[in-house]
1. Write out, first by first residue and then by second, each pair whose Cβ atoms fall under 7 Å of each other, whose residues are 6+ apart or on separate chains, and whose first residue, in the range 89-116, is over 11 Å from residue 128 (Cβ atoms) while the second is among the acidic types (Asp, Glu) and not in a strand (DSSP E or B).
2. With respect to the numbered conditions (1) closer than 15 Å to residue 81 by Cβ; (2) in contact with a strand residue (DSSP E or B) (Cβ under 6 Å, 6 or more places away or on another chain), which one is the sole condition not fulfilled by residue 147?
3. Need at least 2 residues that are surrounded by 17 or more Cβ atoms within 10 Å (Cβ to Cβ) and in contact with a helix residue (DSSP H, G or I) (Cβ under 8 Å, 6 or more places away or on another chain) per element, so show me which strands (runs of 3 or more DSSP E) inside the range 7-92 make the cut, counting only ones lying wholly within it.
4. If a residue must be aliphatic (A, V, I, L, M), outside any loop (DSSP other than H, G, I, E, B) and buried (at least 17 other Cβ atoms within 10 Å of the Cβ), how many such residues does the range 97-149 contain?
5. Go over the candidates 125, 80, 98, 64 one by one and state the one that is charged (D, E, K, R) and over 19 Å from residue 49 (Cβ atoms).
6. If a residue must be within 25 Å of residue 103 (Cβ to Cβ) and of a type in the set (S, T, N, Q), how many such residues does the range 114-140 contain?
7. I need every pair where a residue in the range 1-13 that is more than 21 Å from residue 85 (Cα to Cα) has its Cβ under 6 Å from the Cβ of a residue that is not in a helix (DSSP H, G or I), sequence separation at least 6 or different chains.
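Each reported figure results from applying straightforward, stated rules to the coordinates on display, with no laboratory input. All values reported here derive from a predicted model rather than from experimental measurement. Quick reminder, even Gly has a Cβ in these numbers, built from the backbone with ideal geometry, and neighbours come from all protein chains shown.
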Amino acid sequence: MIYTKRKFISRYLGMSPSLDSAIRHLLSEDGRQLHKGRNEIDGDRTFVNRFDYQTMPPEQAMWEGHARYGDMHVLLSGREKIGVSHAAALTMTVQKPEEDFIGYEGGVEVWVPMTPEDVLIVFPEDVHMVKVINGDSALVEKACYKFEV
């Protein structure tokens, strides 16, 4: 897991080609210009999903993990908190390989507060719970970059 401010994201260039593509896209593009849904960057190696949602209490949120991709979470507006736990600390409940989705149950090890100034990068071992209320309920506009690992 990497949690940083947008202004420092270029420090993470060089870790992997697909993450580099995501970071370069974030640095060069206005996220508000992304259309909702999938936006291509480098085919299936790197792309970004743009979506909006209302934050919810943690008991309504779900864990998600991935085997093929890492995620780079970037808020365009709003605020939320994202729960993160190591996969070994949770119990796997479902696998959907065609969607690169793995569901889990268990407790949150770390809560990460997110605003438009923050970037959270999670890898396959970093199971995450998104859309969680941070203070008052908020409408979140988000870009979630998917990069092949």
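1. 89/109
2. (1)
3. Details: elements: 37-42, 46-54, 69-77, 80-86.
Where strands (runs of 3 or more DSSP E) fall fully within the range 7-92 and carry at least 2 residues being surrounded by 17 or more Cβ atoms within 10 Å (Cβ to Cβ) and in contact with a helix residue (DSSP H, G or I) (Cβ under 8 Å, 6 or more places away or on another chain), they are 46-54, 69-77.
4. Just the residues of the range 97-149 that are aliphatic (A, V, I, L, M), to begin with: 102, 108, 110, 112, 114, 119-122, 127, 129-130, 132-133, 138-140, 143, 149.
Adding the requirement that they be outside any loop (DSSP other than H, G, I, E, B) leaves 102, 110, 112, 114, 119-122, 127, 129-130, 132, 139-140, 143.
From what's left, buried (at least 17 other Cβ atoms within 10 Å of the Cβ): 102, 112, 114, 119-122, 127, 129-130, 132, 140, 143.
Residues meeting the conditions: 13.
5. Working: 80 fails: over 19 Å from residue 49 (Cβ atoms); 98 fails: over 19 Å from residue 49 (Cβ atoms); 64 fails: over 19 Å from residue 49 (Cβ atoms).
Just a single option satisfies the conditions, and that option is 125.
6. 2
7. 6/117; 6/119; 9/119
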